[in-house]
Amino acid sequence: MEYQRPPIGTLTTRLAALSAGVQPATIRDWVRRGLLTRCGGSPKRPLYRVADVEAARYAAKPTRAGQRGVKAA
């Protein structure tokens, strides 16, 4: 069950994805990679701060050889 309205200044995974213009899986990937931190909620329904989502959206994303769109040197 989604929150009717998350607390002011926070976003659910779905709303964070809409805000950043990415898929919800990308938000979960940013968390896994340490680019975004949860600020509350529950393990299945995390919440994120709006400012943290925006910072993650514009953060430099590390790349690896073999990743899509990256040519090996």
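Selection of first residues in the stretch 41-60 that are at pLDDT below 95 and part of a helix (DSSP H, G or I) and of second residues that are surrounded by 12 or more Cβ atoms within 10 Å (Cβ to Cβ) and among the small types (Gly, Ala, Ser), restricted to Cβ pairs under 6 Å at least 6 apart or on distinct chains, gives the following pairs, ordered by first then second residue: Arg57/Ala20.
From the list Leu18, Leu47, Leu36, Leu11, the lone residue that is within 23 Å of Lys61 (Cβ to Cβ), aliphatic (A, V, I, L, M) and in contact with a Cys (Cβ under 6 Å, 6 or more places away or on another chain) is Leu47. Sort out which residues of the stretch 1-40 are assigned to a loop (DSSP other than H, G, I, E, B), open to solvent by less than 90 Å² (accessible area, probe 1.4 Å) and out of contact with any strand residue (DSSP E or B) (no Cβ under 9 Å at 6 or more places or on another chain), and write them in order of number. Gly21, Val22, Gly34, Leu35 - these are the residues of the stretch 1-40 that are assigned to a loop (DSSP other than H, G, I, E, B), open to solvent by less than 90 Å² (accessible area, probe 1.4 Å) and out of contact with any strand residue (DSSP E or B) (no Cβ under 9 Å at 6 or more places or on another chain).
The values are calculated or read from the model by the stated rules, or taken from the named source; none is laboratory data. This structure is a prediction, so every number in the text was calculated from the model and none was measured. Backbone-built Cβ (ideal geometry, glycine too); neighbour counts: all protein chains shown. Protein only, heavy atoms only, side chains kept; ligands, DNA and RNA dropped before computing areas. Shrake-Rupley method; radii C 1.70, N 1.55, O 1.52, S 1.80 Å.
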